[in-house]
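Accompanying notes for the structure given below.
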Amino acid sequence: KKAESPDGKIVIAVEAHRGKAFYSVKKEGKPLICRSRLGFCLQGMPELGNNVEITGSESRFFNETWEQPWGEKRLVGNKYDELTVHFREKKGFKREMNLVFRVYNEGFGFRYELPRQAHIDSFRITDELTEFVLPEVHTAWWIPANTERFYESLYRHSRVNRMDTVCTPLTLETGNGALLALHEAGLTDYAAMNLVRLDSSRLKCDLTPW
């Protein structure tokens, strides 16, 4: 399943590859995020996002302008294409998980939705499997996570392969000078997102501990 920005420059692909949920992103035909995992580890349950298939999807276009009471701009445009992809386990409890992507001309965002279903009454998330696999070893501006100073620490500047586990926002610069930022939103009743480096260019969500 695919979605693209209103100007057609950013394209997101969502797939079930070898039974696992993945997404990838291109801008003007060049990889921005390579094939990256999606899913959760739930306490006392099998991993959610493994042994899944896509059962359907919906797309919609949205465009509005809203007025803010103060700030640098009075009128703010909110224009995006949205893609919702439905995943379901092939066997066992056949649990369901939805991914909702919104693609703007300036970037993209996504969120998970776990619909009400028979085999999930309540749950505890012990790990989030979301990845950001970069096409190359970018330069990064980062703050180390899980330290005494945390968000008030000084920014480091290095290649991604020299990073520690970091807070978001994480700012990246590609080889051709493009700038990217990875961050979180909508943290009501949810842990903050840090990023742990799994190899030279593969970043994974690392939730702030309880």
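Would you pick out the residues in the range 85-97 that are touching a Ser or Thr at 6+ places or on another chain (Cβ under 6 Å) and either within 19 Å of A181 (Cβ to Cβ) or open to solvent by less than 50 Å² (accessible area, probe 1.4 Å) (or both)? Don't jump to the end; show me each part of the working.
Applying the first criterion (touching a Ser or Thr at 6+ places or on another chain (Cβ under 6 Å)) to the range 85-97 yields 85-86, 88.
Answer for the range 85-97, where residues must be touching a Ser or Thr at 6+ places or on another chain (Cβ under 6 Å) and either within 19 Å of A181 (Cβ to Cβ) or open to solvent by less than 50 Å² (accessible area, probe 1.4 Å) (or both): V85, H86.
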message = Every residue in the range 167-178 that is modelled with pLDDT of 95 or more and surrounded by fewer than 16 Cβ atoms within 10 Å (Cβ to Cβ), please.
response = E173
Hits in the range 110-126 - residues which are open to solvent by less than 80 Å² (accessible area, probe 1.4 Å) and under 17 Å from F22 (Cβ atoms) = F110, Y112
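Yes/no per residue for (1) more than 26 Å from D127 (Cβ to Cβ); (2) modelled with pLDDT of 95 or more:
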| site | (1), (2) |
| --- | --- |
| A3 | yes, yes |
| I10 | yes, yes |
| A13 | no, yes |
| K20 | no, yes |
| L42 | no, no |
| M45 | no, no |
message = Restricting to the range 126-171, name every residue that is of a type outside the set (A, V, I, L, M, F, W, C), in a loop (DSSP other than H, G, I, E, B) and under 21 Å from F108 (Cβ atoms).
response = T130, P135, E136, H138, T168, P169
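If I filter the range 154-166 for residues that are under 30 Å from S57 (Cβ atoms) and either touching a strand residue (DSSP E or B) at 6+ places or on another chain (Cβ under 6 Å) or open to solvent by less than 20 Å² (accessible area, probe 1.4 Å) (or both), do I get at least one hit? Before the answer, list the steps.
Pass one, the range 154-166, residues under 30 Å from S57 (Cβ atoms): none.
The answer is no, given that none of the residues of the range 154-166 is under 30 Å from S57 (Cβ atoms) and either touching a strand residue (DSSP E or B) at 6+ places or on another chain (Cβ under 6 Å) or open to solvent by less than 20 Å² (accessible area, probe 1.4 Å) (or both).
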Tally, over the range 182-210, of residues that are at pLDDT 90 or above, of a type in the set (A, V, I, L, M) and loosely packed, with under 14 Cβ neighbours inside 10 Å = 2
Of residues in the range 127-153 being within 11 Å of L195 (Cα to Cα) and aromatic (F, W, Y), the one surrounded by the fewest Cβ atoms within 10 Å (Cβ to Cβ) = F132
task = Would you please list the contacts, defined by Cβ atoms under 7 Å and residues six or more apart or on different chains, that run from a residue in the range 94-105 that is β-branched (V, I, T) to a residue that is in a loop (DSSP other than H, G, I, E, B)?
result = V103/S5
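Kindly establish whether F62 is over 29 Å from D206 (Cα atoms), in a strand (DSSP E or B) and not β-branched (V, I, T). If you could, list the steps in order and put the result at the bottom.
On the way: over 29 Å from D206 (Cα atoms): yes; in a strand (DSSP E or B): yes; not β-branched (V, I, T): yes.
For F62, the condition - over 29 Å from D206 (Cα atoms), in a strand (DSSP E or B) and not β-branched (V, I, T) - is met.
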task = Output the residues belonging to the range 1-27 that are free of Cβ contacts under 8 Å to residues at least 40 places away in the same chain, outside any strand (DSSP E or B) and open to solvent by less than 70 Å² (accessible area, probe 1.4 Å).
result = G8
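If we keep just the residues of the range 28-41 that are outside any strand (DSSP E or B) and small (G, A, S), which is surrounded by the fewest Cβ atoms within 10 Å (Cβ to Cβ)?
Let us first name the residues in the range 28-41 that are outside any strand (DSSP E or B), namely 28-29, 38-39.
In the following step, the residues that additionally are small (G, A, S) were identified as 29, 39.
Details: G29: 7, G39: 22.
Going through the qualifying residues, I end up with G29.
Conditions (1) aliphatic (A, V, I, L, M); (2) farther than 22 Å from Y104 by Cβ, marked per residue:
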residue: I10; (1), (2): yes, no
residue: A16; (1), (2): yes, yes
residue: A21; (1), (2): yes, yes
residue: L32; (1), (2): yes, no
residue: R37; (1), (2): no, yes
residue: L42; (1), (2): yes, yes
residue: E47; (1), (2): no, yes
residue: V52; (1), (2): yes, yes
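Among the residues of the range 42-54, is there at least one that is in a strand (DSSP E or B) and free of Cβ contacts under 8 Å to residues at least 40 places away in the same chain?
Here is the first cut: in the range 42-54, the residues in a strand (DSSP E or B) are 42, 48, 52-54.
Filter once more, so that each one left must be free of Cβ contacts under 8 Å to residues at least 40 places away in the same chain: 53.
Checked the range 42-54: at least one residue is in a strand (DSSP E or B) and free of Cβ contacts under 8 Å to residues at least 40 places away in the same chain.
Based on what the data block shows, is F87 in contact with a His (Cβ under 7 Å, 6 or more places away or on another chain) and farther than 24 Å from E28 by Cβ? So that I can check it myself, show each step before the final result.
Values: in contact with a His (Cβ under 7 Å, 6 or more places away or on another chain): no; farther than 24 Å from E28 by Cβ: yes.
Against the criterion (in contact with a His (Cβ under 7 Å, 6 or more places away or on another chain) and farther than 24 Å from E28 by Cβ), F87 does not qualify.
The values are calculated or read from the model by the stated rules, or taken from the named source; none is laboratory data. Just so you know, these numbers come straight off a predicted model, no measurement behind them. Note: ideal-geometry Cβ built from the backbone for every residue, glycine included; neighbour counts use all protein chains shown. Quick note on the areas: whole protein, heavy atoms, side chains included, nothing else; ligands and nucleic acids left out. Shrake-Rupley method; radii C 1.70, N 1.55, O 1.52, S 1.80 Å.
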